[in-house]
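Here the structure comes first, spelled out in C-alpha cells, and everything after it is commentary.
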Amino acid sequence: MLPFKLVYSDAYYLPIGKHVFPAEKYRRIRDRLISTGVADATDFMEPQPATDQDILLVHVQKLKTGALSPREEMEMEIPYSRDLVEAFWLSAGGSILAGRQALKDRVCISIGGGFHHAHPDHGEGFCMIHDVAVAIRRLQRDNQIHTAMTVDCDVHHGNGTAAIFAGTRTESVPLPSVSASTLNQSWSAKTRMRGAHAGDVFTISLHQQNNYPVYKPPSSIDVDLPDGIGDDDYLAWLDNALSSAFRQFQPDLICYIAGADPYREDQLGGLDLTIEGLKKRDELVFRVAKTKGIPVMVTYAGGYAMNVEDTVTIHTNTVIAAKEIFGS
Ligand SMILES: [Zn+2]
C-alpha cells in the first residue's frame, strides 16, 4: 500500500477519437501501477465531477454549453462534445480531490488533469478547462489554503496558468544569477522572472522556448529552455527556479504539473530528457516539497512519446518517485 492516495477514474478517458493525445494513457498507467505491484486497488480514490459553480470560479459559462465559435473550437484542437465536457469536469473534480488529499497526506497524485493551456474564456491545445486552477480556487474558497505555487514541467509553456493568475502578479525583481557551476554554459536559457509576489498564486513554467504556444504570457518565473537540452541542464534549471521561487514565496500547496513530454522521444517536444532524468525531476520536486513541509498535488498533463508505453513508464515513475521520497 502506498503512503498516499492516487485519484483516478476510468472516465478520465477523453472521447476525442484517433488523436496524438493518447487518451487511453490514464487507464494504462493505472494498470501498470497495479500489475507491477507499485500500488494496489485500495490506493485509488474515485473523484466526483466538479460542480458548475467550481468551474465558474475560473471559467466562463459558454465552455459548458458549447456556445463556441468555430475559431474557439479550432483552438481547442479536440472535438467538442457533451462527453468531453463530462471528462473535463471530472478531471477538475479529480484535481480538487487531489488537492484536499495532499493537505492530509503531504502528497497526492491524480492520474489525469494538468490541462494548463485552458484560459478563463476559451479552451486551447487539448485543454477545455484548467483543472488545476479550478482546484486552487475551490480550496481557497473553502479556506483550506490561501496561497499556492504551480510548478509546470510540461515541455509546453503554461500559458493558461499564467493568464488565469496574472492578476495577482506584482512588480518584477531582477533574476538572481544562475549558478554557473552547475550549468552548461554553451547555451543559456532565457529566464524571465516576474517574481516578488504579493498575490496568492506563484506560477513557474519550465518549457521549451521554441514550441507551442507562440505567445507565452508571463508566469512568475519562466525558464525558456533552448531546443535539445538534456537531463543535467534541465535539472539544474529546475533546481534554480525552485530556489528562486521559495526565496520569494511560501505557498500552502504546490501544484506540480508533471508533463511527460520533455522526453527525448516525444512527438510534440524538442528537449532531450531521458526516462531516468524525468524521474530525477519528479524526485527533485518531491524532495523540495517534503523538506519545506509543503503539501504537493500532482497532475499529469502532456505526453506524446512515439511509443505510448514510454509515456506510461514516465507517468508511472512519478508515483514510484513519490513513494520513494515520502515513504521513507
Ligand atoms: Zn505539453
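Some points to look at:
- Residues in region 57-71 that are crowded, with 17+ Cβ neighbours inside 10 Å and under 25 Å from residue 20 (Cα atoms): 63, 64, 68.
- Failed item, numbered, when residue 250 is tested on (1) modelled with pLDDT of 95 or more; (2) open to solvent by 30 Å² or more (accessible area, probe 1.4 Å); (3) outside any helix (DSSP H, G or I); (4) more than 15 Å from the ligand (Cβ to nearest atom): (1)
- A single entry from 287, 281 fulfils the requirement of being basic (Lys, Arg) and within 15 Å of the ligand (Cβ to nearest atom): 281.
- For the residues 225, 268, 273, 238, the requirement of being open to solvent by 30 Å² or more (accessible area, probe 1.4 Å) and either touching a Pro at 6+ places or on another chain (Cβ under 8 Å) or at pLDDT 95 or above (or both) singles out 268.
- Among the residues of region 1-27, the one identified as at pLDDT 95 or above, surrounded by fewer than 18 Cβ atoms within 10 Å (Cβ to Cβ) and out of contact with any Lys or Arg (no Cβ under 8 Å at 6 or more places or on another chain) is 27.
- Scanning region 110-136 for residues that are surrounded by 24 or more Cβ atoms within 10 Å (Cβ to Cβ), more than 16 Å from the ligand (Cβ to nearest atom) and not in a strand (DSSP E or B) yields 111, 129, 133, 134, 135, 136.
- Cβ pairs under 8 Å, 6+ apart, first in region 303-325 and closer than 19 Å to residue 126 by Cβ, second more than 16 Å from the ligand (Cβ to nearest atom) and open to solvent by less than 20 Å² (accessible area, probe 1.4 Å): 312/29; 315/29; 315/111
- Reported count of residues in region 78-106, each being open to solvent by 60 Å² or more (accessible area, probe 1.4 Å) and modelled with pLDDT under 85, is 1.
- Beta carbons closer than 8 Å, at least 6 apart along the sequence or on distinct chains, pair a first residue in region 18-31 that is farther than 19 Å from residue 5 by Cα with a second that is modelled with pLDDT of 95 or more and loosely packed, with under 14 Cβ neighbours inside 10 Å for 20/267.
- Selection within region 137-160 - within 16 Å of the ligand (Cβ to nearest atom) and open to solvent by less than 10 Å² (accessible area, probe 1.4 Å): 150, 151, 152, 153, 154, 155, 157, 158, 159, 160
The values are calculated or read from the model by the stated rules, or taken from the named source; none is laboratory data. Not measured: the values here are computed from a predicted model. Ideal geometry is used to build each Cβ from the backbone, glycine not excepted, and the neighbour counts take in all protein chains shown. Note: accessible area is taken over every heavy atom of the protein model, side chains too, but ligands, DNA and RNA are not part of it. Shrake-Rupley method; radii C 1.70, N 1.55, O 1.52, S 1.80 Å.
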